[in-house]
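Enquirer: Structure in structure tokens, see below.
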Amino acid sequence: MTITLKVALLGAGTVGAEVARILTQDAAQLQARSGAALELSAVVVRDTAADRGPHIPRELVSSDAEAAIDGADLVIELMGGLEPASTYIRRALSRGASVVTGNKALLAEQGPELFALAAENGAELSFEAAVAGAIPILRPLAESLAGDTVTKVMGIVNGSTNFILDKMDREGADLEAVMAEASALGYLEADPSADVEGHDAAAKAALLATLAFGSGFSIDQVHTEGITAVTAADVEAARAADQVIKLLAVVERSEAGVLMRVHPTLISREHPLAAVHGAFNAVFVEAQNAGELMFYGPGAGGAPTASAVMGDLVMAARHRLAGSAEPTRLAAEPIAALPVQDAITRYALALDVADAPGVLARIAQVFADHGVSIEAMRQNGHLDGAAELRIITHAGTQRALDATVAAVNKLDVVTGITSVMRVEGN
Ligand SMILES: NC(=O)c1ccc[n+]([C@@H]2O[C@H](COP(=O)([O-])OP(=O)(O)OC[C@H]3O[C@@H](n4cnc5c(N)ncnc54)[C@H](OP(=O)(O)O)[C@@H]3O)[C@@H](O)[C@H]2O)c1
């Protein structure tokens, strides 16, 4: 006897349309893998008059989300935004229907509440598509590494900003010029702030931390800096030091709690993340027993993101047939989110200083006074009696590093601090 599960699709845009295509084209394979026929029962959109192509039968299209949800066993939310997506997901979970979504913005705001609602109702809320598009990363973190201890995750999780920084690195161009090109090529939204200010990456950082460390985290707990202050000079200086600048989402666990941060970061060109070019995404995981792992692939796009949605859908269908939802992935006791001042990183600084005897010693003394040790210091002389000094520190808390930077800035021999950037990796 064939069991049929009804699937409601909320949203049939870039990703939703591809999900409908795969559901139709690969129906037999999906049935073999999930154990049930997955039948598209409703498609909810705003514009019900638009032609949706051969994979979305007209009679399934409506704007009546409530009816679609109430008639479904599984609900796929691909509308995006907070509302009405949140209301619809809550309605589905409350009815015991499992939900698959790619909505990082919503989960980063309301994830803990929504996961709790899913658990209360014996339903599943899966979201592989919400972080790094097609790359299977959430399931590996939650399941494949369930027997290990993940200590740190570093991701290039925003393709637009990676495209921009990569182009700045390859061509020596400045940020404005590359942003204009990225917009023309469709890599940036009309309002690019979610990408270039780091908010999109911060939402994904909260989700990565939620799965890596088994506690619910939200976007407001993530320290966020975008790429808008990165200059062509920063990129050139990185190049001279055999480094590259990437916008990284870093989440790490210590005994005290979890620290989440998004910021431009210097990494060695030898680091695997340095080889991530263009709009690609990658997630680098450090685990106690597995060591270092890297997951790489397309971070966006209709078909790649739909691939992640379909993986979640097949798993949700299997669990539904087995009569059990996946056990909750969250620990009973919430884990504390730590302030960014507790982060332990290395810093790279560029200072404009007077080109005079004793200057280096005075600056080095300020570092020593604050307990920050210097790994490397290089001076480039200028013609007008000024010099540029580049310093790389050993690891210290951000609190100590910030205090050092503030004290160095007050020295009369320092005319300006032109760049302060964190360094990750060896
Ligand atoms: N695009 C990607 O590469 C990508 C990658 C990872 C994750 N995601 C996530 O996946 C989700 C969908 O993204 P997308 O790019 O496919 O979006 P999209 O192309 O803008 O499509 C949104 C769809 O939702 C429908 N919709 C929006 N608001 C609605 C409402 N109030 N009532 C009914 N229908 C509504 C739209 O209807 P109309 O067609 O009638 O306008 C459209 O079909 C988002 O959460 C996004 O963050 C996308």
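The values are calculated or read from the model by the stated rules, or taken from the named source; none is laboratory data. None of these values were measured; they are calculated from a predicted model. Note that we place each Cβ from the backbone using ideal geometry, even for glycine, and neighbour counts take in every protein chain shown. Heads up: the accessible areas ignore ligands, DNA and RNA and are worked out on the full protein's heavy atoms, side chains in. Shrake-Rupley method; radii C 1.70, N 1.55, O 1.52, S 1.80 Å.
Enquirer: If we keep just the residues of the range 54-77 that are assigned to a loop (DSSP other than H, G, I, E, B) and open to solvent by less than 30 Å² (accessible area, probe 1.4 Å), which is nearest to the ligand (Cβ to nearest atom)?
Expert: Filtering the range 54-77 for residues that are assigned to a loop (DSSP other than H, G, I, E, B) and open to solvent by less than 30 Å² (accessible area, probe 1.4 Å), the one nearest to the ligand (Cβ to nearest atom) comes out as ILE56.
Enquirer: Still on this structure, I have one more. When the range 28-53 is examined, which residues are found to be within 16 Å of the ligand (Cβ to nearest atom) and either under 28 Å from the mean Cα position of the chain (by Cα) or assigned to a helix (DSSP H, G or I) (or both)?
Expert: VAL44, VAL45 - these are the residues of the range 28-53 that are within 16 Å of the ligand (Cβ to nearest atom) and either under 28 Å from the mean Cα position of the chain (by Cα) or assigned to a helix (DSSP H, G or I) (or both).
Enquirer: A further question follows. Testing ASP234 on (1) assigned to a helix (DSSP H, G or I); (2) open to solvent by 20 Å² or more (accessible area, probe 1.4 Å), one condition comes back false. Which one is that?
Expert: If we test ASP234 against (1) assigned to a helix (DSSP H, G or I); (2) open to solvent by 20 Å² or more (accessible area, probe 1.4 Å), just (2) comes out false.
Enquirer: Being under 16 Å from MET421 (Cα atoms) and assigned to a strand (DSSP E or B) is the filter here, so list the residues in the range 350-377 that pass it.
Expert: If the condition is that a residue be under 16 Å from MET421 (Cα atoms) and assigned to a strand (DSSP E or B), then ALA350, LEU351, ASP352, ILE374, GLU375, ALA376, MET377 are the ones that fit.
Enquirer: Out of curiosity, is GLU109 at pLDDT below 95 and closer than 24 Å to GLN221 by Cβ?
Expert: Against the criterion (at pLDDT below 95 and closer than 24 Å to GLN221 by Cβ), GLU109 qualifies.
Enquirer: For the range 258-300, enumerate the residues that are more than 16 Å from the ligand (Cβ to nearest atom), among the small types (Gly, Ala, Ser) and surrounded by 17 or more Cβ atoms within 10 Å (Cβ to Cβ).
Expert: Selection gives ALA274, ALA287.
Enquirer: Which pairs turn up if I take residues in the range 7-27 that are more than 12 Å from THR101 (Cα to Cα) and more than 7 Å from the ligand (Cβ to nearest atom) and look for partners that are open to solvent by 40 Å² or more (accessible area, probe 1.4 Å) and not aromatic (Phe, Trp, Tyr) with beta carbon separation below 6 Å, at least 6 apart in sequence or on another chain?
Expert: Listed pairs, sorted by first residue: GLU18/ALA303; ALA20/HIS55; ARG21/HIS55; THR24/HIS55.
Enquirer: Going by the conditions given, is GLN379 free of Cβ contacts under 8 Å to residues at least 12 places away in the same chain, outside the structural domain of ILE245 (by TED's automatic domain parsing) and not small (Gly, Ala, Ser)?
Expert: no
Enquirer: Of a type in the set (Val, Ile, Thr) and under 20 Å from VAL283 (Cα atoms): is that true of VAL178 in this structure?
Expert: no
Enquirer: Out of the range 378-401, which residues are outside any loop (DSSP other than H, G, I, E, B), open to solvent by 60 Å² or more (accessible area, probe 1.4 Å) and modelled with pLDDT of 95 or more?
Expert: ARG399
Enquirer: For the structure I just gave you, tell me whether SER215 is under 30 Å from PHE115 (Cα atoms) and open to solvent by 20 Å² or more (accessible area, probe 1.4 Å).
Expert: no
Enquirer: Let me ask you something else. What number of residues within the range 78-111 are within 9 Å of the ligand (Cβ to nearest atom) and part of a loop (DSSP other than H, G, I, E, B)?
Expert: Residues meeting the conditions: 8.
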